[in-house]
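J.: Before I ask anything, let me first share the structure, which is written out below as structure tokens.
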Amino acid sequence: MRILLTNDDGIHAPGLTVLEAIAARLSDDVWICAPAEEQSGAGHSLTLHHPVRLRQHGEKRFSVTGTPTDSVNLALRKLFEDRKPDLVLSGVNAGENLGDDITYSGTISAAMEAALAGIPAIGLSQAMRDNGFGFGAAEEWGAKVLAPLIDVQMAKRTLVNVNFPPLPANGVKGIRVVRQGFHDYARGSLAEGTDPRGRKYYWFGLQDAEHTLDHGTDLEAVEDGYIAVTPLQLDLTHHSAISSLAERFVA
């Protein structure tokens, strides 16, 4: 099995090293193509207004001067012209990607890009919460979570989002397959300051972000000490509204 690894924390991120170790337990044909620098919060953005560069760091190891989406897109076009990867893994992100945060996430967006290309894709994130446990849960449980998933025949334009709880490996209670939750829209902190030239600036933060722990969600699962596995789809159509909206345009 050929596996492509990517992330949004950059080619030198500790979480990518963790993902390499996980992938090595699944295959001996592992490639890396990740952003040259951190791209957290980049979402599913594609660089269009300036060129991007592909740099090789070793055998099967590359970086791209762009976004996570750029990294997957360029890898599929230039590194795998003969044979595409069988699986794309994105992560392990330093911090959770839960609820509607997935719409901002470069980690998940890289997996989305692979899914759009028809390649099975999984995003992996490790909740931290400043507790000192680091990537321990992901290191121990990563291959255990992935092994059943890689044998699943996923529908087109779908992917899987995996989040590890902020616990030591032996504190993880198990795995739950759950739906996406949603945050309350008081979206974290906003710091205001003045730069050396006397001009105001604003800096978005994630502190104090509120979320609703509805039953059966990724937010609840991680809060309860479980690994959250959430299938996602790229079809954003609200199908049940099509008929009622169409009636508005009937002459």
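Each value in this text was obtained by applying a stated rule to the coordinates, not by laboratory testing. Please read all numbers here as calculations on a predicted model, not as lab measurements. We place every Cβ from the backbone using ideal geometry, glycine too, and count neighbours over all the protein chains shown.
J.: Need the full-extension length gain, residue 55 to residue 25, defined as separation in residues times 0.36 nm minus the C-alpha distance. One decimal, nm.
T.: Taking 0.36 nm per residue and subtracting the Cα distance, the gain is 8.2 nm.
J.: I've got another one for you. Place the peptides 223-234, 2-13 in order of packing, highest mean first, counting for every residue the other Cβ atoms within 10 Å and averaging per peptide.
T.: Ranking the peptides 223-234, 2-13 by packing returns 2-13, 223-234.
J.: Using a 10 Å cut-off on Cβ atoms, rank the peptides 116-129, 84-97, 237-250 from the highest mean neighbour count down.
T.: Details: 116-129: 21.6, 84-97: 25.3, 237-250: 7.7.
Packing order, densest peptide first, comes out as 84-97, 116-129, 237-250.
J.: Quick check: net charge around residue 137, other residues with Cβ under 12 Å of its Cβ, Lys/Arg +1 and Asp/Glu -1?
T.: Within the 12 Å Cβ shell, the charges total 0.
J.: Any chance you could run the full-extension gain for residue 143 through residue 170? It's 0.36 nm times the residue separation minus the Cα-Cα distance, nm to one decimal. Mind showing how you got there, number by number?
T.: On the way: separation 27, 0.36 × 27 = 9.72 nm, distance 1.52 nm.
Length difference between fully extended and current span is 8.2 nm.
J.: Next question, about the same structure. What do you get for Rg/Rh of the chain when both radii come from the Cα atoms and Rh is the Kirkwood radius?
T.: Radius of gyration over Kirkwood radius for the chain works out to 1.00.
J.: Report, ordered by chain and residue number, the lysines lying within cross-link reach of residue 84, taken as a straight Cα distance under 19 Å and ignoring same-chain residues fewer than 8 apart.
T.: Within the straight-line limit of under 19 Å, residue 84 reaches these lysines: 60, 156.
J.: Sort 190-200, 134-144 by the packing proxy (mean of other Cβ within 10 Å over each peptide's residues), most packed first.
T.: 134-144, 190-200
J.: Calculate the FRET efficiency for residue 47 and residue 84 from the Cβ-Cβ distance with a Förster distance of 25 Å, rounded to the nearest 0.05.
T.: 0.70
J.: Using Cα positions and a limit of under 17 Å, work out the lysines in reach of residue 144, with same-chain residues fewer than 8 apart set aside.
T.: Cα-Cα hits under 17 Å: 173.
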